[in-house]
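Q: Below you will find the structure I want to go over with you.
The values are calculated or read from the model by the stated rules, or taken from the named source; none is laboratory data. What you are looking at is a predicted structure, and each value in this text was computed from that prediction instead of being measured. All Cβ positions, even for glycine, are placed from backbone atoms using ideal geometry, and neighbour counts span all protein chains on display.
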Amino acid sequence: MSKERILSTADARRSDVLSAATQAFGRTGYWGTNTTEIARDAGISQAYLYRLFANKEELFVAVIGEIHNLFRDEIDRILAETPREDALQALLSPSSTERTGGSDAGKVLLHASAASNVEPIGVAVRQCYSDQADYLSSRGLNDEEIRSYFAWSQYANALRAAGIGADVEGGALQRLLPH
């Protein structure tokens, strides 16, 4: 019995590559990740990866764009179901950051900031943060709330990157977590 081969579209493959790249870049950053690993994890050849993305910088910038879209979708969802006075607290809740790509998304943004000296990446990082700030402002958050959102989000990303989460037991590390 022959099994019919189902071919994926370029869009489906692109999505697979972005997912694999988000995980890989979250794990080892821009500098520590190679495209061979990403292609293997996405189930494609490296040559096909380079047909979808011209180079590693373009792929990394596309991952930043995907994360930006995930964050925007999650902000929309949270703000649609939260009273205005509770908006900042809802945006900063651990459950909201877990839904927006989990720790991989946050780690990628930390790595992206570290790789901002590579100009296509620096442009994408600045644009991502600028767009988020403008979007939060358009949704009714004031400048102080926006700064708090970014400060606490970056702090949460750093804690997750270090493996410090709600399951940490006692001692000094427990004091690092919000209560």
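Q: Among the residues of segment 40-92 satisfying the criterion of being without any contact (Cβ under 8 Å) to a residue 24 or more places away in the chain and in contact with a Ser or Thr (Cβ under 6 Å, 6 or more places away or on another chain), which is nearest to Phe25 (Cα to Cα)?
A: Only one residue fits best here, namely Gln46.
Q: Let me ask you something else. Here is a list of conditions, (1) more than 19 Å from Gln127 (Cβ to Cβ); (2) modelled with pLDDT under 95; (3) part of a helix (DSSP H, G or I), and His68 meets all of them except one; can you say which number that is?
A: Of everything listed in (1) more than 19 Å from Gln127 (Cβ to Cβ); (2) modelled with pLDDT under 95; (3) part of a helix (DSSP H, G or I), His68 misses just condition (1).
Q: Another question, then. Out of (1) surrounded by 12 or more Cβ atoms within 10 Å (Cβ to Cβ); (2) without any contact (Cβ under 8 Å) to a residue 24 or more places away in the chain, the odd one out for Leu18 is which?
A: Going through (1) surrounded by 12 or more Cβ atoms within 10 Å (Cβ to Cβ); (2) without any contact (Cβ under 8 Å) to a residue 24 or more places away in the chain one by one, Leu18 breaks only (2).
Q: Quickly run through segment 142-156 and pick out the residues that are of a type in the set (D, E, K, R) and closer than 15 Å to Ala90 by Cβ. Give the steps one after another, and end with the answer.
A: Kept after step one, since they are of a type in the set (D, E, K, R), are these residues of segment 142-156: 143-145, 147.
Glu145 - this is the single residue of segment 142-156 that is of a type in the set (D, E, K, R) and closer than 15 Å to Ala90 by Cβ.
Q: Next question. If you go through segment 108-118, how many residues are assigned to a helix (DSSP H, G or I) and of a type in the set (Gly, Ala, Ser)? Working first, answer last.
A: Kept after step one, since they are assigned to a helix (DSSP H, G or I), are these residues of segment 108-118: 108-114.
Going one step further and asking which of them are of a type in the set (Gly, Ala, Ser), we end up with 112-114.
Final tally of qualifying residues: 3.
Q: Next up: Can you give me the number of residues within segment 127-145 that are closer than 20 Å to Ala112 by Cα, surrounded by 12 or more Cβ atoms within 10 Å (Cβ to Cβ) and of a type outside the set (Asp, Glu)?
A: 5
Q: Could you grab me the full set of residues in segment 128-149 that are out of contact with any helix residue (DSSP H, G or I) (no Cβ under 6 Å at 6 or more places or on another chain) and under 23 Å from Thr28 (Cα atoms)?
A: Tyr129
Q: Separate question: How many residues are buried (at least 20 other Cβ atoms within 10 Å of the Cβ) and of a type in the set (Gly, Ala, Ser) when one looks only at segment 32-61?
A: Going through segment 32-61 one residue at a time, the tally reaches 2.
Q: Just to be sure I understand, how many residues within segment 24-39 are free of Cβ contacts under 8 Å to residues at least 24 places away in the same chain, part of a helix (DSSP H, G or I) and over 14 Å from Lys107 (Cα atoms)?
A: Of the residues in segment 24-39, 4 are free of Cβ contacts under 8 Å to residues at least 24 places away in the same chain, part of a helix (DSSP H, G or I) and over 14 Å from Lys107 (Cα atoms).
Q: Is it true that Ile121 is in contact (Cβ under 8 Å) with a residue 60 or more places away in the chain, of a type in the set (A, V, I, L, M, F, W, C) and assigned to a helix (DSSP H, G or I)? Show your work before the answer.
A: Details: in contact (Cβ under 8 Å) with a residue 60 or more places away in the chain: yes; of a type in the set (A, V, I, L, M, F, W, C): yes; assigned to a helix (DSSP H, G or I): yes.
Judged against the criteria, Ile121 is a match.
Q: Let me ask something additional. Select from segment 100-115 the residues that are surrounded by fewer than 16 Cβ atoms within 10 Å (Cβ to Cβ) and either within 14 Å of Glu145 (Cβ to Cβ) or modelled with pLDDT under 85 (or both) and list them in ascending order.
A: The one that is surrounded by fewer than 16 Cβ atoms within 10 Å (Cβ to Cβ) and either within 14 Å of Glu145 (Cβ to Cβ) or modelled with pLDDT under 85 (or both): Gly102.
Q: Oh, and also: Restricting to segment 10-28, name every residue that is among the β-branched types (Val, Ile, Thr), touching a helix residue (DSSP H, G or I) at 6+ places or on another chain (Cβ under 6 Å) and farther than 12 Å from Lys56 by Cα. Give the steps one after another, and end with the answer.
A: Residues of segment 10-28 among the β-branched types (Val, Ile, Thr): 17, 22, 28.
Checking which are touching a helix residue (DSSP H, G or I) at 6+ places or on another chain (Cβ under 6 Å) leaves us with 17, 22.
Within segment 10-28, Thr22 is the sole residue that qualifies.
Q: For the list (1) within 17 Å of Gln23 (Cα to Cα); (2) at pLDDT below 90; (3) part of a loop (DSSP other than H, G, I, E, B), I need the number of the one condition that Thr82 fails.
A: (1) is the only condition that Thr82 fails.
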